Amino acid sequence: MTTRTDPLRLGLLRRRYLIDIEAVFNVIRRNLINGIVNEDRLGIGQVGKVVSNARYKGALNKDKVVNTFEWINSLTASTLVQKDWTKALVKAGHQRGILRGHTDYKGLPKDEVTKKIQSEFLKGMAVKTATLNNLQNVAFDYLEGINKEMGNQITKSIQTGLMAGKTKEQIAVDIVDRVDKIGLTRAKTLVETEIARAHSEGVLDSLETLGVTRIGVNVEWVTSNTPCELCSVLDSVILTIQQARGMFPRHPYCRCVPIPTRSRSNRIRLKNRIEKSVMEEIPQSLRKRRKSIKEQRKRSMWQGARN
């Protein structure tokens, strides 16, 4: 069975944080362009336009270039690396997961009594912070890694531009390209993936509190008419709560989500399906050389590969 709807039901929440991250990168772009072009922090002036490449390199103020690198690192870190932002993102996804788990198991509240019961349940779940704190730390570490890699790419762009005798305007264009293709692209992936991860762990926390012992991953794994091979092979497997920890999302931008089930687990089928999913990670060009499932398990970034 396939569906074109989003099993996570998090479209509005994702868009909210994607808008936030776009705004952050707009500020970064604007400040970088202003600093490089208008303030001429590299000390290029018009040199790149009027003298030879050799003279251009010799005319640069090396201290000013170093100071510019430090300024860029400070600018991107202070603008992008915000712990409160990742905390809010993860908390929102986790809370939605708690609610999702309750409604999947108990159904939607039908009257004031059941609404009150659900409300009390959600309040009680709010104090369960162990999962939440771990997820928030993971998301923040990813954000720091994005900023570090983006900074490295910006530095390389500046160095390459200076060596090539580019103007400050040309260097600014190269920098913005790195900001978009490295920084913004990965930050968007972080938003999509970490909200999904927090949501799924919230579902598991909710179901565990409700006494659910088995998790189904059937229809929800197949989210389109052309489902990805990593997810579709896991359709119909049954997991315990502990086995399901870290299984979701299967990959960046994954829409899979745990759902309660009364079916019994099948350990052999689970093992075979996980192995097949892990092996699907191997690029076609490497399949002949990398045949060992044990080797691929070690390479895999998916926590479920260790189940």
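Please work out how much length the chain gains when fully extended from Val113 to Lys62, using 0.36 nm per residue of separation minus the C-alpha to C-alpha distance, in nm with one decimal.
11.3 nm
Note on the range 227-306: Rg/Rh from C-alpha atoms, Kirkwood Rh, equals 0.96. Tell me, how many Å apart are the Cα centres for the range 260-294 and for the range 104-170? What the calculation gives is 28 Å, centre to centre. A crude spin-label estimate for the pair Ala88 and Arg289, with each label 7 Å from Cα along the Cβ direction, gives 4.6 nm. Placing one equal scatterer on every Cα of the range 58-195 and applying the Debye formula, the log10 ratio I(q)/I(0) at q = 0.09 Å⁻¹ is -0.45.
Were the residues from Lys156 through Lys181 laid out at 0.36 nm apart, the gain over their Cα-Cα distance would be 7.6 nm. Helical runs (DSSP H, four residues minimum) scored at -39500 (n - 2.57) apiece and divided by the length of the chain put the mean residue ellipticity at 222 nm at -20000 deg cm²/dmol.
With a/c under 1.5 counting as rounded, go ahead and sort the range 69-139 into rounded, prolate or oblate using the C-alpha gyration tensor (a ≥ b ≥ c being the square roots of the eigenvalues; past the cut-off, prolate if a/b is larger than b/c, else oblate). Verdict is prolate for the range 69-139.
With N the number of residues in the chain, Rg(Cα) / (2.2 N^0.38 Å) evaluates to 1.25. Proximity of backbone amide H atoms, modeled 1.01 Å from N, is registered between Ile238 and Asn266 at under 5 Å, excluding neighbours fewer than 5 places apart on the same chain. The calculated FRET efficiency for Thr79 paired with Ala164, based on their beta-carbon distance and R0 = 30 Å, is about 0.60.
Bear in mind these aren't lab numbers, they're just calculated from the coordinates by the rules spelled out. The shown structure was predicted, so the numbers you read here are calculated from the model rather than taken from an experiment. Neighbour counts are summed over all protein chains in view; Cβ atoms, including those assigned to glycine, are modelled from backbone coordinates with ideal geometry.
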